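Scroll down for the structure; my scribbles are underneath it.
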Amino acid sequence: MSANKHSQQVFENFSKLNRLERIKWLIEMKLITEKDGNYLNLSSDPKLLEIFENLVENLIGSFPLPLSISPNFIIDGKTYAIPMAVEETSVVAALGRTAKWICKSGKITTKTMGSSIIGQIQIAKVKNFEKLRNVISAQKENLINLSNERVVPSLVARGGGVKDIILRRVPRGNGGDMAVIHILLDPCDAMGANLINQVCEFLRQPIESLSKEKVNMCIVSNLADTKLTIAKVVISDIDEQLGDRIAEASLFAQQDRYRAVTNNKGVLNGIDPVVIATGNDWRAVEAGIHAYAARSGKYKPITHWKMQDGNLIGVLKAPIIVGTVGGVTQLHPIAEMSLRILGIKQASHLSRVIAAVGLVQNLGALRALTSEGIVRGHMRLHIKNLLMSAGASPVEFAFLRKKLEKFLIRKRKITLTDVKKMLAKIRKDNSLLVIKKEKKHGKKRL
Ligand code: MEV
């Protein structure tokens, strides 16, 4: 059988194979080695795999990320240890340093504005917009009550449910208009995408029959500008020059979208790891934040820093749509544990803590960028990755790390090639010595 024919035949049945069979197939097809297969088998917790099998199709294993804790956060007067799932060198270290600085000289406060997420119902080729407007306005209360009674009664019992219906006219771009109906729903402690999608699809039929219009599609909008989270940091004891430089960096992001996007990436360095650690949908959070950043038609930073009366004041405002129930928040043992570490039960509470982490991460980046630059701190930590990538043994690792830190200070840069060269050199010069030391320590290469 030709490889092509084989792959066609087996691919069709891939989802019907069990996990071990899928791994075996990948080995047979030479897409992975036996060693990879063993690794996939041994590196994943069987209990977790059982959960994952029910979450996704075609599972072969799991993809671990480092899970860290950033302690020393005091938000709204309460102390937190923040769980962070992130691989990027220096994110957690920079966050920890900045949080400590704020503990000493500042204050973090947070709040939320609005509680409804948005679902969209599109009537692509609206026949009579004015008639539709009249129908929606006359039937609004009925449609709200109907959805609340039929689709989300338990949410209503908890104080949530459908709160409003708004009709929007959206240009088709070729002269005509489409009608878009926004359903506003308070999802309480859920992220709410599944809930709002169900409500929108439920409303499709009554809207069509009342209006005689044809609904094209229904879906959540990830731009929830009706549910914002705000975090504020005030640093009272700040070196004025440093404060001014941070305010200048903030102005740079306000005025230039090339800088704004990198500023926001730095904010997301703090936000995403908590969103991931708590089992939330980071794609939705990212999409929502970027869309909010561009809501004026110009991409802007979601944070803003200024000096006022000798204080540095920073504010973050953005939709951070997360849940503490639903999705994998309670299913994934690490997500559930992360929420316990945080001591958080309510979604709005979680979004406030996440906003605070994003703002503090941003402050850490701006402080570094406007003082020593980020290369030194970042690369100091990155040296460990470079040494591992270059294949240094533990003895070589310990020996070279200090040397490489000095090299970095001297040259102000360091690359994998630099590390490989230095490794080759010490191997050439000191090979006997290193081997002797290794034998004494009885350690293998990393
Ligand atoms: C790197 O991951 C993040 C920064 O680029 C953020 C920023 O520039 O503000 C340092």
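If you take the square roots of the eigenvalues of the alpha-carbon gyration tensor of the chain and sort them as a ≥ b ≥ c, do you get rounded (a/c under 1.5), prolate (a/b over b/c) or oblate?
In terms of gyration-tensor shape, oblate.
Report the Cys residues of the chain lacking a disulfide-compatible partner, meaning no second Cys Cβ under 4.7 Å from their Cβ.
Cys103, Cys188
Which value at 222 nm does the chain reach when only helices count, each DSSP H run of 4 or more adding -39,500 (n - 2.57), with the total divided by all residues and rounded to the nearest 500 deg cm²/dmol?
After summing the helix terms and dividing by residue count, I get -18000 deg cm²/dmol.
Rounded, prolate or oblate: which fits the range 273-365 when a ≥ b ≥ c are the square roots of the eigenvalues of the alpha-carbon gyration tensor, with rounded for a/c under 1.5 and prolate only if a/b beats b/c?
Judged from the Cα gyration tensor, the range 273-365 comes out oblate (a/c at least 1.5, b/c at or above a/b).
If you stretched the chain out fully between Ala287 and Leu42, how much longer would it get, using 0.36 nm times the residue separation minus the C-alpha to C-alpha distance?
84.7 nm
As a quick test, which of the pairs Lys16/Lys214; Lys104/Lys317; Lys111/Lys214 have an alpha carbon distance above 31 angstrom in this structure?
Lys16/Lys214; Lys111/Lys214
Using θ = phi - 60° and the Karplus relation 6.51 cos²θ - 1.76 cosθ + 1.60, list the HN-Hα couplings for the range 230-237 in order, rounded to whole Hz, with x at every Gly or Pro.
Along the range 230-237, the couplings run 10, 10, 9, 10, 10, 10, 8, 9 Hz.
With labels modelled as points extended 7 Å from the Cα through the Cβ direction, what inter-label distance (nm, one decimal) is found for Arg150 paired with Lys403?
Inter-label distance under the simple model: 7.4 nm.
Take Tyr292, Tyr258 and sort them by solvent-accessible surface of the protein heavy atoms, 1.4 Å probe, largest at the top.
Largest to smallest exposure gives the sequence Tyr258, Tyr292.
Just grab the label-to-label distance for Ser105 and Lys125, each label 7 Å out from Cα along the Cβ direction, in nm (one decimal).
In this crude label model, Ser105 to Lys125 measures out at 6.5 nm.
Between their Cα atoms, which of Lys78/Lys345; Lys100/Lys402; Lys403/Lys428; Lys125/Lys298 are more than 18 Å away from each other?
From the list (Lys78/Lys345; Lys100/Lys402; Lys403/Lys428; Lys125/Lys298), the Cα-Cα distance tops 18 Å for Lys100/Lys402; Lys125/Lys298.
So what are the ³J(HN,Hα) numbers for the range 410-420, from phi and the Karplus equation (6.51, -1.76, 1.60; θ = phi - 60°), rounded to whole Hz, Gly and Pro as x?
Along the range 410-420, the couplings run 5, 8, 6, 7, 7, 10, 4, 4, 4, 5, 5 Hz.
Amide H neighbours of Val126 under 5 Å, counting only residues 5+ apart in sequence or on other chains, H built in-plane at 1.01 Å?
Here the answer is Ala179, since their amide H atoms fall under 5 Å of that of Val126.
Using Cα pairs under 8 angstrom and six or more residues apart, how large is the relative contact order of the chain, in percent?
After rounding, I find 16 percent.
Could you tell me what % of all Cα pairs in the range 25-94 have separations over 14 Å?
Counting every Cα pair in the range 25-94, those more than 14 Å apart make up 72 percent.
Any idea which of His290, Leu251, Ile230 is furthest toward the positive side of the dipole for the range 162-298, if Lys and Arg beta-carbons carry +1 and Asp and Glu beta-carbons -1?
His290
Could you state the angle between the C-alpha long axis of helix 46-55 and the longest principal axis of the C-alpha atoms of the chain, as a value from 0 to 90 degrees rounded to the nearest 10?
For helix 46-55, the angle is close to 30 degrees.
Any idea what angle helix 91-105 forms with the longest principal axis of the chain, computed on alpha-carbon atoms, 0 to 90 degrees, nearest 10?
Helix 91-105 and the main axis of the chain meet at about 80 degrees.
Mind running the shape call on the range 95-235? Use the C-alpha gyration tensor, a ≥ b ≥ c as the square roots of the eigenvalues: rounded below 1.5 for a/c, prolate if a/b tops b/c, oblate otherwise.
Verdict is prolate for the range 95-235.
On a C-alpha basis, how far is the centre of the range 47-121 from the centre of the range 141-194 in Å? Whole number, if you could?
Each part reduced to its Cα centre gives a spacing of 29 Å.
For the range 366-376, take each phi angle, set θ = phi - 60°, evaluate the Karplus expression 6.51 cos²θ - 1.76 cosθ + 1.60, and give the result in whole Hz per residue in order, putting x for glycine and proline.
After applying 6.51 cos²θ - 1.76 cosθ + 1.60, I find 5, 4, 5, 4, 9, 10, 7, x, 8, 4, 4 Hz.
Label points 7 Å out from Cα along the Cβ direction at Val375 and Asp164: separation in nm?
5.1
Quick one: which residues, 5+ away or cross-chain, put their amide H under 5 Å from the amide H of Asp76? H built at 1.01 Å from N.
For Asp76, the qualifying residues are Ile108, Thr109, Thr110.
Over the Cα atoms of the range 332-379, what Rg and Dmax result, in angstrom?
15.2, 40
Output the 0 to 90 degree angle, nearest 10, between the alpha-carbon long axis of helix 333-342 and the longest principal axis computed from the alpha carbons of the chain.
The angle comes out at about 90 degrees.
Give the cross-link partners of Lys163 among the aspartates and glutamates, using a straight C-alpha distance below 18 Å as the criterion and excluding same-chain residues fewer than 8 apart.
Cross-link targets: Glu141, Glu149, Asp186, Asp189, Glu201, Asp225.
The values are calculated or read from the model by the stated rules, or taken from the named source; none is laboratory data. These numbers come from a predicted model, not from an experiment. With ideal geometry, Cβ positions are generated from the backbone for all residues, glycine too; neighbour counts draw on all protein chains shown. When the accessible area is computed, the model is the full protein with side chains, heavy atoms only, and any ligands, DNA or RNA have been set aside. Shrake-Rupley method; radii C 1.70, N 1.55, O 1.52, S 1.80 Å.
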